[in-house]
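Novice: Let me begin by handing over the structure; questions about it come next.
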Amino acid sequence: MRRHDENGEQASRASRFFRNRDRGPRPRRRSTSTLILGGLAVMMAAVLAGGSLAAYAKYRAIWDGIKRVDVTRDLTGKRPPADPNALNLLLIGSDSRSGINGRIGGGPDGGIAGARSDTIMVLHIAPGAHQIVVLSIPRDSVVPILNCAPEDGTTGQTAQPASDIEQINATFTDGGPGCLWKTVEQTTGIHINDFVELTFIGFERVIDALHGVWVCLPAAVHDPVSHLNLSAGRHHIDGKQALAFWRTREDLGMGDDPQRIQRDQFLMASLLQGIEHSGLLDSPSTILTVIDTLTGHGYLTTDTGLTQQRMLQLGENLRGISTRSVQFITAPWTTYVGDAQWINSAQTPSTGNVNWIQWLQPQANDLFNAISHDTKLPGTGKSAVRPAAVAVRVLNGTSTQSLAASTATTLTSRGFDVIGPAGQAPSAHYRDTVIEYRSAADLPAAHTLAALFSNVRLEQDSHLKTGTLHLILGSNFAGLNAASGHSSISNLARTYGGITGNANICGDASAFAGPDGG
C-alpha cells in the first residue's frame, strides 16, 4: 500500500521492507509496534515508535528529523543507580507557543512566552515482569530549585536554599529538559534513561494519524478556554478535540491538574484499546505515516543518548505485553501547605494560584521506590535474589541506641545473611536510610533488601567488598515493611488509585466531578 505524496517512493520501499520481513506463515499476533505506538498513547508514541523507527533508520531523513538536546551537563554528580533490568523514560508534553503552536491556547502576544512542561510522565518498563507503569507527575508539584546548565535556548538556573521552591514545570522553562530530568531523578530517586518531548501540534497530528480516539463523558462539557464542546456520552474525536480534552482544566471538575491527569489516563487507555482491537498498526503505510508525523516536522525532541539500538531494545522488551499490564498512576499528592521564602515561578500564592500541591508522604516515596526497585529479571518472572543470598552489614547512622542491632536481628529473622555485629556509621547524622553496594552485579541483592523499606536510597561505593551490602539506618527509618515477599509492581494501580490499560473508558465519572461531587 503506497502513500501518494512527496514521500511516496520512501513509503513504497518501506512497505516492501515490512512485507519481505514478515513473509511466511506464522500465527497472527498483536504487533510490537501496536503497543509501542498505540499502547502508550500519544505522549509515548514519540519514542515508542521504537522498533519501527529503527527498522526505517536506513532512510536518514527520518532519523535526522528528530531534534536532539545534549543534557549531559545536568547529569553529573550523584544520580540514582540505573537498574539494568528496567528502562525509565521521561515523557514531556511541551506547551511552547512558538511557531504553529501559538494558535493553541494563546500565543506570545497573550503573555505566554517560552515553554512549560504541560505534561510530565515517567514511563517505567520492566521487561522481566512484563509490566509497564506510566507515572504522571502533576505540573503544579512543588520541588527544590537545583542548579541547571543552560540548554535548548534556556538560561539555566542557580540552586537555592532548601526553603526555596518552584513549580516543577518551571524547571523545564528555566533549564530545559535536562533540568526537568535532573529534578525528577533527585526528588523521586528513579533513574531516568532518556527523555522524549512532544509539542501541542505533534499531539494533534499523531492522534489524527492514528485515526482518532474514543472518549466518554458523564456530562456535557463546554470549556471556553480549551474550546472543548462535547455532549454527554461516547464520542470518537480527532486530534484537535483530543488536545482540547487533554488540556481542559479550568472550567471542568475541580479545576486542578491531578484531576485533569485522571481524564488523560482514560484517554491513553482508550487509545491503547482502540489500536489493539483494530490492528491499525499492522499496516506499514500507517506506521510510516505516524513516524513521518513525529519526525518530519519538528514535533519530536529527544536526548542525544536515545540511539537506534536503544529503540530496538525497547521494542523487543515490549513484546507480548497486554493492555491489562499497562498501569497509569499519579504521584500521591496533597495541598501545598508550606511557606517558601522565595518561589521561582510566574504563579505564586499571592497572585491567586491556589492549586499548588506537594507529594503526600510516605505514600509517594513508597510508590517511587516500588518503581525504582523493580526486582524482576528479564525473561524469568522470578525474584532477583533470595534473602538468604543477600549478605548485609547493618550500621547505625543516628544517635538512637541499639537501632542497628534490633534491625539486624529482624533481618536475620527474615532470612537475610547479616554479616558481623551491628556497628556505627561514620556519622550519626544520616537523615536518609542508605543501602551501599559495590557494582551493578550487587544491584539485584540491593533491590531485594530495598523492598523492605518504605524510604531508602541506593548508593554505589566501589570500596566495598563484592557481594556485601552496607545498610546505614537514617533518622527517617521507622521500621521494616511487613513481611509480604519481594516487591512487585503488578498491583500499583489498585494500591494507588490508578487504572490499567483495559479500563472501562466510561468509568471516569470522578475525573469530572466538581467541588460538590456533581
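Derivation of every value follows stated rules applied to the coordinates shown; laboratory data play no part. This structure is a prediction, so every number in the text was calculated from the model and none was measured. Because the Cβ atoms are built from the backbone with ideal geometry, glycine has one as well, and the counts that use them run over all protein chains shown.
Novice: Using a Förster distance of 41 angstrom, determine the FRET efficiency expected from the C-beta separation of Ser427 and Thr304, and round it to 0.05.
Specialist: The pair Ser427/Thr304 has a calculated efficiency of 0.60.
Novice: Please list 452-463, 237-248 highest first by mean number of surrounding beta-carbon atoms within 10 Å per residue.
Specialist: Output ranking for 452-463, 237-248: 237-248, 452-463.
Novice: If I model a spin label as a point 7 Å beyond the Cα along the Cα-Cβ vector, how far apart are those points for Thr76 and Ala391 in nm?
Specialist: About 3.7 nm separates the two model spin labels.
Novice: Can you work out ³J(HN,Hα) from phi for every residue in the range 228-236, in order, using Karplus 6.51 cos²θ - 1.76 cosθ + 1.60 and θ = phi - 60°, giving whole Hz and x for Gly and Pro?
Specialist: Working through the residues one at a time gives 8, 9, 9, 7, 5, x, 8, 9, 9 Hz.
Novice: Shifting gears a bit: Expressed in nm to one decimal, what extension gain is obtained for the pair Ala220 and His463 from 0.36 nm per residue of sequence separation less their Cα-Cα distance?
Specialist: Gain on extension, Ala220 to His463, equals 81.2 nm.
Novice: Could you work out the relative contact order of the range 387-485, using alpha carbon pairs under 8 angstrom and six or more residues apart, expressed as a whole percent?
Specialist: With pairs under 8 Å counted, the relative contact order is 37 percent.
Novice: Tally Lys/Arg at +1 and Asp/Glu at -1 over every other residue whose Cβ is under 10 Å from the Cβ of Ala511; what's the total?
Specialist: Residues close to Ala511 contribute a combined charge of 0.
Novice: Could you rank the peptides 169-181, 224-236 by their average count of other C-beta atoms within 10 Å per residue, with the highest value first?
Specialist: Taking the mean over residues of other Cβ atoms within 10 Å, the ranking is 169-181, 224-236.
Novice: Take every DSSP beta bridge whose two residues both sit in the range 387-485, then give the antiparallel share in percent to the nearest 5.
Specialist: 20 percent
Novice: Using only Cα atoms, what is the ratio of the radius of gyration of the range 181-228 to 2.2 N^0.38 Å?
Specialist: The range 181-228 yields a ratio of 1.75.
Novice: Further question on the same structure: Taking H as built 1.01 Å from N, whose amide H comes closer than 5 Å to the amide H of Arg457, not counting residues under 5 places away?
Specialist: Thr433, Val434, Ile435
Novice: Follow-up question, since we're still on this one. Identify the residues of the range 240-267 with backbone N under 20 Å of a label point that sits 7 angstrom from the Cα of Asn229 along the Cα-to-Cβ direction, or state none.
Specialist: Counting backbone N atoms under 20 Å from the label point, the list is 240-253.
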